[in-house]
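Taking it in order: structure first as structure tokens, then the write-up.
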């Protein structure tokens, strides 16, 4: 399988980290949706990151849909595989609640960045910026509260999809919108992020422009 | 369960239609993320549609994550339930490929609508509008091609998640961006949409501002 997109995207990064945890080997092509449009288009015509090219050539889009496929694949490949989402329905709804908040935090961070940093000043729209900034802050406050009730977040020992999603969201916002972060008191999320970023799966898919390393055969 | 959000959103609508197909009863609160912010916030603080309020009070966000929960719930509730996604991994990847394209079409339609119709003219950004318009057109052309290889789309007999997602996307674009639609030749998608909109599940969750009807006890 081939994962296309840059690891400064939290959506790409959560897939790259999840694939390691699910023991699914992949190649990574670190193409930018802005700078590498023509090359990206050849692999995934709508130029959307992440794109996952499956072994049969099927192109999957949207990190949640990609992760659905990867969990299904991992569960069928090997019954011993540790999955990243609980199968128990009550626990799964708690996990999906946290992941939903983390994904809104990513989406609103991207929207603020696009509005603030990529648009010419004259075409920025203040009412929109205020609306999405409030949504971002609320999403992180709700996520902090929810993580306080997710035992693996306060005493993390191994990665699951809640921890991966929360940690990639937080790192992205810290890197792209550092002006906003000091206003928020989010100790659980900050500690979780520090723990997650020290894990080998996070380090190999490090935030930024570097591609995920080519791994020797047999290793992930 | 309670579904919050307006049925003019394709993301809300696909959940409302899927819940009927999965035989999961729900109440619907047709709140607008623009006009009903205060009331929305009380139910779902980040003001994001759709929000699904589970019976234990958990709030789920993002239609793909909500549908993950609903499929898990339906499969555990009753083994006889027809699910909306194939469990076979190869078929599932084909389905997720189509759904990914339909969701990009929704996302780009929303972005174009926001840019074009909700922003003051002076803060519209032409380069962005051109970029997302091209992505929208590509997503629909790729979806049309993919539907030609999804047997249930060319001879539909019952709803699945590919058909639901493609049909709600297309209706939304036709309603909100009618200027763009005549430029595209998408016969499979147009016929599929016509068939889907005639189904009772689509009619009960009709496009627009009307809420999903309160159903008598025992019915969906």
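Figures for the structure shown
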item	result
Overall dimensions of the range B:2-83 as given by Cα atoms, namely Rg and Dmax in Å	12.5, 41
Separation of alpha-carbon centers, the range A:179-219 and the range A:11-46, rounded to whole Å	17
Helical mean residue ellipticity (222 nm; -39500 (n - 2.57) per DSSP H run of 4+; nearest 500) of the protein assembly as shown	-17000 deg cm²/dmol
Hydrodynamic radius of the protein assembly as shown per Kirkwood, over alpha carbon pairs, in Å	22.2
Convex hull (Cα only) mean projected area of the range A:60-137, reported in nm² to one decimal	7.1
Choice from A:185, A:135, A:126 showing the highest fluctuation, given a GNM over chain A with Cα pairs closer than 10 Å	A:126
Relative contact order computed over chain B (Cα-Cα under 8 Å; 6+ residues apart), in percent	28
Per-selection Kirkwood Rh - chain A (Cα, Å, 1 d.p.)	18.0
Cβ-derived FRET efficiency at R0 35 Å, residue B:214 paired with residue A:209, nearest 0.05	0.10
Over the range A:2-83, relative contact order from alpha-carbon pairs under 8 Å, at least 6 apart, %	34
The range A:104-158, Rg to Rh (Cα coordinates; Rh as Kirkwood inverse mean 1/r)	1.18
Rounded Å value of the spacing that divides the Cα centres of the range B:125-176 and the range B:53-121	14
Label spacing, shortest first and in nm, from residue B:35 to its equivalents in the remaining copies (7 angstrom along Cα→Cβ)	4.6
Share, in percent, of DSSP beta bridges within chain A that are antiparallel, nearest 5	65
Inter-label distance, nm, simple model (7 Å from Cα along the C-beta direction), residue A:2/residue B:174	3.7
FRET E, pair residue B:134, residue A:113, Förster distance 25 Å, beta-carbon r, rounded to 0.05	0.75
Translational diffusion of the range B:89-200, µm² s⁻¹ [Kirkwood Rh, Cα pairs; Stokes-Einstein; 4 °C; 1.567 mPa s]	89
Overall form of the range A:142-220 per C-alpha gyration tensor (a/c, 1.5; a/b vs b/c)	oblate
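Quick note: the coordinates plus some simple rules give every number you see, no bench work behind them. This structure is a prediction, so every number in the text was calculated from the model and none was measured. Every residue, glycine among them, receives a Cβ derived from its backbone with ideal geometry; neighbour counts consider all protein chains shown.
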